[in-house]
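The values are calculated or read from the model by the stated rules, or taken from the named source; none is laboratory data. Predicted model, so just to flag it, every value in this text is computed and none were measured. FYI the Cβ positions are ideal-geometry reconstructions off the backbone, even for glycines, and counts take in every protein chain you see. Protein only, heavy atoms only, side chains kept; ligands, DNA and RNA dropped before computing areas. Shrake-Rupley method; radii C 1.70, N 1.55, O 1.52, S 1.80 Å.
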Amino acid sequence: MKIKLIAFSALYAAATLVQSCSSNTTPEMQKYEARQSILEVNTRINELKMEYEKERVKNENLRKEARELSEKAETKTDRFSVGKDAESVADRAASTRKSLKKAEKAVNELLKSDRKLEKLQQKITKEQGKAAGLERQIEYVKPQ
């Protein structure tokens with residue numbers, strides 16, 4: 001019985017010692033943890049920047065397409081005139097309507113892309129703020 005009590009108390013003392021050693025982090029360890037956090041944040045920033053760049057290229061293409069479709073639709077509406085033949089007028093009206101719908105769809109896609117670019121830029125700015133805060137944390141870690 002005494003042996004079990006001694007073994008149990010030794011085990012308890014060892015567990016307490018391990019727990020107390022692991023909970024104390026040195027300033028150097030805090031710096032390494034903060035640097036690791038900075039690296040993780042910088043990785044997220046780089047991923048966001050890559051996504052932003054892809055979306056920016058897509059946005060430029062959408063802008064060009066929307067401009068071309070809008071000009072085409074505008075030209076069709078300018079040339080639209082009522083004639084004597086009702087069937088040809090209806091065909092031209094349908095063609096003009098299709099052009100206007102395509103232009104509208106392209107403009108809506110462009111607006112979505114613009115909003116996505118704005119949100120990505122906000123996320124990048126937020127992550128850069130986090131990185132700056134972690135940089136300050138590294139600078140102000142004081143020895144115990």
| remark: Scanning region 89-144 residue by residue, the ones that are open to solvent by 100 Å² or more (accessible area, probe 1.4 Å) and either touching a residue at least 12 places away in the same chain (Cβ under 8 Å) or under 15 Å from the mean Cα position of the chain (by Cα) (or both) total 11
| Based on what the data block shows, is Ser70 open to solvent by less than 50 Å² (accessible area, probe 1.4 Å), under 29 Å from Lys119 (Cα atoms) and in a helix (DSSP H, G or I)? | yes
| Before we move on, is Thr75 modelled with pLDDT of 80 or more and either in a helix (DSSP H, G or I) or open to solvent by less than 90 Å² (accessible area, probe 1.4 Å) (or both)? | yes
| Does Glu28 meet the test of being in a helix (DSSP H, G or I), at pLDDT below 85, among the charged types (D, E, K, R) and loosely packed, with under 13 Cβ neighbours inside 10 Å? | yes
